[in-house]
Amino acid sequence: MAATKRGLAVLFGSTIGAKTVMAVTGLALILFLLTHMGGNLLIYFGPDVFNAYAKSLKSAGGGGLVWVARGGLLAMFATHVAMAFKLQLRNRAARPLGYAYEATVEASWASRYMILTGLLVLAFVVLHLAHYTVGVFNPDYLTWHDAEGRHDAYRMVVTAFSHPLVALSYVVAMVVLALHLVHGFQSLFRSLGNSHEQAREALSKASLGLALALAFGFCLAPVGVLLGWIQPVEVTQPAPGK
Amino acid sequence: MNLTLKVWRQPSKSAEGSIQTYEAKDVSPDMSFLEMIDVVNDTLMEQGQEPIAFEHDCREGICGACSMVINGVAHGPNKATTTCQLYMRHFKSGETIYIEPWRAAAFPVLKDLIVDRSAFDRIQQAGGYISINTGCAPDAHTTQVEKDAADAAMSAAECIGCGACVAACKNASAMLFVAAKVSHLGLLPHGQAERKTRVLGMVEQMDDEGFGACTNYGECEAVCPKSISTRYISRLNRDYLTASISSEI
Ligand code: HEM
Ligand code: FES
């Protein structure tokens, strides 16, 4: 009768362990998103602040830290996705034949479509990295520099988001992300063992707040460019007198 | 009242099943759902047909035998109610009602609406015993139990093992059942000696039986005839994780 699984075998080999991994990686990704959103909003302070911020990210620790951060993020993301697939396959296998009459009493739409919103977020992340980090759609993006010789991230973002379809697709992606998190955020604390009644209710409300805040915060850049709150600036020419 | 029933019929575990249609005529609103099926079965037998097989025992909401999914909801539309305690007055004359067995790989259909729930028995067995003195009845206050702990353990112990949580869960997860069974002993002083081996053993057996994982949908609590809270699931997660990283020394 003695159970054999302990330690790491539990984390990756049991359903509860797999959900713990989902919760921890999900929380790590949420913390990253919060800092990422904060950084993005610096675009409202103009090209100088934004480009300096972008440079500071890439040059931290002699340019090495960004790779450490990317490695960590990739590990979190890949583990989250791998566990999502593993759980999804298991959950499907657990009910090979469904009901002729399907009904839902309590489960939210967001909770039932985590795999769908997750996959859409995955697709968005791939496109987003191709768009800004690798410059797949417009290789020029990465060659733009400002007067200080820094990569002109401001111009890149403003140029990209001045295409309404690009800006709108980012907005749509953020709505999908919000759906993932409106269930995900409250769920992660339950997975990690929060059985406190009031705390659970408070976190359910906080979940909606966090999802909306993140989506809203991320949308401020594309929407700001579209509505002209963030203006293009000619920074590729050296300033007169310099 | 008159009803149209769409019932899952499956002659045996290995046979193919399908939904069959029956008319239930002159049903009294005061009949329980099971009594309504009894009457339909009488008619079927008179016509020389095989009656609809379903499980039942106490017919007073305490044994958990009367498992069936009614219009997509385990034990039907009433909250905190087993099928045997569900009355026909909650339906409208002329209504069509779907009646299906619990659907889960770990609960194979044996016949019609009857599923094999021995996976639950094996999970309970994997939990093992508790070390406690038997023999003469001890004084009531030999082991002190805090009131809050006693209440919480009692709520968990209300679980009748019916399997509605599995039937309702979109992942066919047995977490609410296991959480209740782990907690009703784990919350009491009497259950501390084997607390870790119990939770590790039961969760491992649960996984081996092929139940799904918990997505925190909340469907299980909503259909549980004893309204057992999903807070026990979170407690199970905590108990399991702490047990799994603990060592003998
Ligand atoms: C920025 C990206 C992401 C964040 C912040 C995030 C966050 C979360 C959080 C917090 C949870 C709840 C975990 C729990 O219930 O304990 C979760 C669940 C889930 N995530 Fe993500 N996620 C992200 C990306 C993805 C991606 C790319 C997928 C792709 C498949 C995905 C699939 C899922 C699934 C299927 C679940 C539900 C698992 C279950 O409970 O059955 N997520 N996510
Ligand atoms: S027959 Fe016992 S609970 Fe319904």
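For the protein assembly as shown, the direction-averaged projected area of the alpha-carbon convex hull comes to 31.4 nm².
Shown is the FRET efficiency for B:GLU146 and A:LEU192, computed with R0 = 25 Å from the Cβ-Cβ distance and rounded to the nearest 0.05: 0.50.
For chain B, the Kirkwood radius over C-alpha pairs fed into Stokes-Einstein at 4 °C and 1.567 mPa s yields D = 66 µm² per second. Among residues other than B:VAL27 with Cβ under 13 Å from its Cβ, the summed charge is -4 (Lys and Arg +1, Asp and Glu -1).
Modelled label positions at A:LEU34 and A:LEU127, each set 7 Å beyond Cα in the direction of Cβ, lie 2.8 nm from each other. Based on Cα contacts under 8 Å between residues 6+ apart, segment B:118-248 shows a relative contact order of 34 percent. Each peptide in A:17-25, A:189-197 receives the mean, over its residues, of other Cβ atoms within 10 Å, and ordering these scores from highest gives A:17-25, A:189-197.
A simple spin-label model places the labels of A:VAL171 and B:ASP116 5.6 nm from each other, with each point 7 Å out along Cα-to-Cβ.
B:MET202 sits among other residues whose Cβ lies under 14 Å from its own Cβ, and their net charge, with Lys and Arg +1 and Asp and Glu -1, is 0.
Counted by neighbouring Cβ atoms within 10 Å, the residues B:ASP57, B:ASP38 run from fewest to most as B:ASP57, B:ASP38.
Rounded to the nearest 20 debye, the dipole size of chain B about its Cα centre is 600 debye, using +1 on the Cβ of Lys and Arg and -1 on the Cβ of Asp and Glu. Note on B:MET154 and A:ARG92: their simple-model spin labels are 4.6 nm apart, each label 7 Å out from Cα toward Cβ.
Return the subset of B:LYS147/B:LYS226; A:LYS19/B:LYS13; B:LYS6/B:LYS111; A:LYS205/B:LYS196; A:LYS86/B:LYS170; A:LYS5/A:LYS86 for which the Cα-Cα distance in this structure is over 27 Å, preserving the input order. Violating the 27 Å limit, Cα to Cα: A:LYS19/B:LYS13; A:LYS205/B:LYS196. In summary, the aspartates and glutamates within cross-link reach of B:LYS79, defined as a Cα separation below 17 angstrom excluding same-chain residues under 8 places away, comprise A:GLU106, B:GLU60, B:GLU158, B:GLU219, B:GLU221.
Rounded to 0.05, the FRET efficiency of the B:HIS190 and B:GLN125 pair, given R0 = 22 Å and the Cβ-Cβ distance, is 0.70. Centre-to-centre separation between the Cα atoms of segment A:113-172 and those of segment B:165-209: 47 Å.
Residues whose amide H falls under 5 Å from that of B:ILE114, counting only those 5 or more places apart or on a different chain, are absent, with hydrogens built in the peptide plane.
Throughout, read-outs are computed from the coordinates displayed, never taken from laboratory work. Because the structure is predicted, anything quoted here is derived from the model rather than measured. In this analysis, Cβ positions are derived from the backbone assuming ideal geometry, glycine residues included, and neighbour counts consider all displayed protein chains.
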